[in-house]
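Student: Quick one: the structure is below, and I'll ask about it shortly.
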Amino acid sequence: MQAVLRLVLAFGVFWICARIFSPFATLMLWALILAVTLYPLHLRIRTSLGWSNGLTGSLISCAGLLLLGVPIVLLTLSLIEHGGNLVNQWQDGTLQIIPPDESVKTWPIVGEPLYDTWLAASTNLQDLLMNHGEQVLAVAKGALGGTTDIISTVGIFLGAVIIAGFMMTYGQSGEAAVGRIASAFVGGDRGREFQALSVATIRSVATGVIGVAAIQALLLGLGYLWAGVPGAAILALVALLLGITQLPAMLVTIPVIAWLWMSGDGSTVMNSVITVYLLIAGLADNILKPVLLGRGVNVPMPVILIGALGGMVGMGLIGLFLGSVVLAVGYQLLWAWVDHDRARTETEATTTSTGNPN
């Protein structure tokens, strides 16, 4: 009876702790992923500059906040300014929309309806909004909800960067504590192996998924600037998001190539060169990902890739890391069980043959 009461009490404490921690789970998981990914950089900076762990962690956190925060603040201020101008023009009755080009009609699938809607908006925007009030309201609600989600995600990332700095500051003691926990659950050296595997998998996914997406977005961004595409920076950001979510960057590149040839601003030779460059950059992830994904991990690359894709489908962006780690650990557990069973069978066979020499 006492054993049952202890089990119920332990389960109750665990459940209460989980409920208390659940609002911060996403934030702490992202902080842990960032800390694990950036910890080698933390060690290199600390060694080369001779700084303390706290100062090095603060430097990385501040750098991360600047890299994320400054563009976000500038983009937010720009959106507020343009939004205010649009509202003022609407109130003054001076808001005008440029009529669409005739070539819009030739766009596949969406060409005709897009052209008609665009033309109606440029002719009499107020009548269009009055006649399609429900659709406009639905789009506005969707945009507002998407904006709220983006703000929440940005806030989580900024908070995760700060917490990751603290985690890296106490990286050695934290690593030892996680190793003890892993050893307690799995046992001895096997727990340390799974800890090392989890760390290597997180870094591999960060390099093979986010790193490749960043490289590809940079290459495409340079190509968009070279081609003179309007909004090249925004298109490069879209390509980055597509790469992180494992969608093909050609979804952005093909329309850009179509615009390049339809605009007719450049020569045929120059357009051909830019097209070839954009096609190569748009397909670069197919070459880089197999090279970088799974590097340094004692698990086949398809296992990491399947875990990342499946985790992302089931749990969103954070599932890229959780899915790959869980599948990699599961893969190692499977083969540990298979090897252990085979070793036991071989031992029994050896014992039997030794005991029966005839």
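The values are calculated or read from the model by the stated rules, or taken from the named source; none is laboratory data. Small disclaimer: the values here were computed from a predicted structure and weren't measured. A quick note on method: Cβ atoms are made from the backbone with ideal geometry, for glycine too, and the neighbour counts reach across all protein chains shown.
The rows are residues; the columns are (1) more than 30 Å from residue 321 (Cα to Cα); (2) touching a Leu at 6+ places or on another chain (Cβ under 9 Å); (3) outside any helix (DSSP H, G or I).
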{"site": "17", "(1), (2), (3)": "no, no, no"}
{"site": "21", "(1), (2), (3)": "no, no, no"}
{"site": "51", "(1), (2), (3)": "yes, yes, yes"}
{"site": "63", "(1), (2), (3)": "no, no, no"}
{"site": "76", "(1), (2), (3)": "no, no, no"}
{"site": "89", "(1), (2), (3)": "yes, yes, no"}
{"site": "99", "(1), (2), (3)": "yes, yes, yes"}
{"site": "113", "(1), (2), (3)": "yes, no, no"}
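Student: Going through 202, 163 one at a time, which residue ends up being assigned to a helix (DSSP H, G or I), under 15 Å from the mean Cα position of the chain (by Cα) and buried (at least 17 other Cβ atoms within 10 Å of the Cβ)?
Tutor: 202
Student: If you don't mind, another one. Which one of these does residue 26 not meet: (1) part of a loop (DSSP other than H, G, I, E, B); (2) touching a residue at least 24 places away in the same chain (Cβ under 8 Å)?
Tutor: (1)
Student: Could you tell me whether segment 177-198 includes any residue that is assigned by TED's automatic domain parsing to the domain that holds residue 309, under 21 Å from the mean Cα position of the chain (by Cα) and part of a helix (DSSP H, G or I)?
Tutor: The answer is yes, given that some residue of segment 177-198 is assigned by TED's automatic domain parsing to the domain that holds residue 309, under 21 Å from the mean Cα position of the chain (by Cα) and part of a helix (DSSP H, G or I).
Student: If you don't mind, another one. Spot the failing condition for residue 115; the list is (1) aromatic (Phe, Trp, Tyr); (2) closer than 30 Å to residue 330 by Cα; (3) outside the structural domain of residue 326 (by TED's automatic domain parsing), and only one is missed.
Tutor: Just one mismatch for residue 115, condition (2).
Student: Would you confirm, using the coordinates I've provided, whether residue 193 is of a type in the set (D, E, K, R) and in contact (Cβ under 8 Å) with a residue 40 or more places away in the chain?
Tutor: Yes.
Student: Look at residue 41 and say whether it is surrounded by fewer than 11 Cβ atoms within 10 Å (Cβ to Cβ), hydrophobic (A, V, I, L, M, F, W, C) and assigned by TED's automatic domain parsing to the domain that holds residue 154.
Tutor: no
Student: Moving on. Taking the condition assigned by TED's automatic domain parsing to the domain that holds residue 233, hydrophobic (A, V, I, L, M, F, W, C) and modelled with pLDDT of 80 or more, does residue 262 pass?
Tutor: no
Yes or no, residue by residue, for (1) over 25 Å from residue 304 (Cα atoms); (2) at pLDDT 80 or above:
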site: 176; (1), (2): yes, yes
site: 196; (1), (2): no, yes
site: 210; (1), (2): no, no
site: 213; (1), (2): no, yes
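Student: When the residues of segment 205-225 are filtered to those that are in contact with a Ser or Thr (Cβ under 7 Å, 6 or more places away or on another chain) and buried (at least 22 other Cβ atoms within 10 Å of the Cβ), which remaining residue is farthest from residue 325 (Cα to Cα)?
Tutor: 220
Student: Let me confirm something: among 69, 57, which residue is within 22 Å of residue 318 (Cα to Cα), within 26 Å of the chain's Cα centre (by Cα) and either part of a helix (DSSP H, G or I) or modelled with pLDDT under 90 (or both)?
Tutor: 69
Student: Every residue in segment 46-64 that is surrounded by 15 or more Cβ atoms within 10 Å (Cβ to Cβ) and in contact (Cβ under 8 Å) with a residue 40 or more places away in the chain, please.
Tutor: Residues satisfying the conditions are 53, 56, 57, 58, 60, 61, 64.
Student: Kindly establish whether residue 222 is in a helix (DSSP H, G or I), under 21 Å from the mean Cα position of the chain (by Cα) and of a type outside the set (D, E, K, R).
Tutor: It is false that residue 222 is in a helix (DSSP H, G or I), under 21 Å from the mean Cα position of the chain (by Cα) and of a type outside the set (D, E, K, R).
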